[in-house]
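The values are calculated or read from the model by the stated rules, or taken from the named source; none is laboratory data. Note that the structure is a prediction, hence the values are computed from the model and not measured. Here the Cβ positions follow ideal geometry from the backbone for every residue, glycine too, while neighbour counts run over all protein chains shown. These accessible areas exclude ligands, DNA and RNA; they are computed on the full protein's heavy atoms, side chains included. Shrake-Rupley method; radii C 1.70, N 1.55, O 1.52, S 1.80 Å.
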Amino acid sequence: MIKVEKTSLNDLHEIYEIEKSVFKNCWSEISLKKEIENKNFNLNLLCRLNNKIIGYFFSKNVKNEYHVLNFALKKNYQHRGYGKLFFNIIINEYILDGSVFLEVKRSNLSAINFYKKFNFKEIGFKKKYYSDGEDAIIMRLNKKRNELV
Ligand SMILES: CC(C)(COP(=O)(O)OP(=O)(O)OC[C@H]1O[C@@H](n2cnc3c(N)ncnc32)[C@H](O)[C@@H]1OP(=O)(O)O)[C@@H](O)C(=O)NCCC(=O)NCCS
């Protein structure tokens, strides 16, 4: 069984190790630390399996609007259904109502498919949004209560 909880600074090192192994242009440890510390305006969650962190979700939150900043599963736990379990808990226990926005690389088809499963819709794009020149697809989910996927 997975366990989802809010992040704390004690988790920083483990999260940073995952971040480095998942993303080419990864966040620095300082950026992760700043977001973890920003408790007033952030919803930051992690997912544990057998007590080890296997994924994390960082978002900015103002009223009932959430903007996903970072979401990843540890490499050897990707595509095994854990992301779906984790995200179901996020949107059924932490984000009950409201809109969730995110940007995803146009080429990241597995993530785009993942979000579509949760009823995210493509609402636009940002040209050359990423440092490698790639476009971002903007997606939005209008969340209502109890939408299990
Ligand atoms: C995107 C990510 C969080 C999804 O989590 P995951 O645990 O791998 O996803 P799951 O195994 O739970 O898959 C759920 C659904 O996503 C889609 N999906 C997952 N992997 C896929 C792949 N390789 N190709 C196509 N669709 C895929 C499928 O629709 C899948 O549903 P199904 O199992 O019913 O077919 C994870 O793969 C990840 O960390 N990727 C690297 C970091 C990243 O891209 N983050 C998002 C940045 S915006």
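Does region 1-116 classify as rounded, prolate or oblate by the C-alpha gyration tensor (a ≥ b ≥ c root eigenvalues; a/c under 1.5 gives rounded; else a/b over b/c gives prolate, otherwise oblate)?
In terms of gyration-tensor shape, rounded.
For region 2-143, what % of the accessible area comes from carbon and sulfur atoms, probe 1.4 Å?
So the carbon and sulfur contribution to the accessible surface is 49 percent.
Note the full-extension length gain between Y130 and N76 as 0.36 nm times their separation in residues minus their Cα-Cα distance, in nm to one decimal.
Here the segment from Y130 to N76 would lengthen by 16.9 nm.
Using a 1.4 Å probe on the protein heavy atoms only, what accessible surface does I53 show? Give it in Å² to the nearest 10.
0 Å²
If you take the charge dipole of the chain about its Cα centre, with +1 on Lys and Arg Cβ and -1 on Asp and Glu Cβ, which of L12, A111, F71 is farthest toward its positive end?
A111
Where in the chain are the DSSP H helices whose C-alpha atoms run 24 Å or more along the long axis and whose mean Kyte hydropathy is at least 0.5?
In the chain, no H run is both long and hydrophobic enough.
Taking the Cα centre of the chain as origin, sum charge times position over the Cβ atoms of Lys and Arg (+1) and Asp and Glu (-1), and report the length of that vector in debye to the nearest 20.
360 debye
For region 2-143, what proportion of DSSP beta bridges, expressed in % and rounded to the nearest 5, is antiparallel?
In region 2-143, approximately 90 percent of DSSP beta bridges are antiparallel ones.
I'd like to compare 101-109, 124-132, 18-26: which one has the highest average count of other Cβ atoms within 10 Å, and what's the full order after that?
The peptides rank, most packed first, as 101-109, 18-26, 124-132.
Can you check what the net charge comes to around Y82, using other residues whose Cβ is under 11 Å from the Cβ of Y82 (Lys, Arg +1; Asp, Glu -1)?
Every neighbour counted, the sum reads +4.
So how strong a dipole does region 55-119 carry about its Cα centre when Lys and Arg Cβ are +1 and Asp and Glu Cβ are -1, to the nearest 20 debye?
The calculation lands at about 360 debye.
Under the rule of -39500 (n - 2.57) per DSSP H run of 4 or more residues, summed and divided by the residues of the chain, what mean residue ellipticity at 222 nm is obtained, to the nearest 500 deg cm²/dmol?
Mean residue ellipticity at 222 nm (helix-derived): -7000 deg cm²/dmol.
Residue separation times 0.36 nm, minus the C-alpha to C-alpha distance between S28 and K60: what's the value?
9.7 nm
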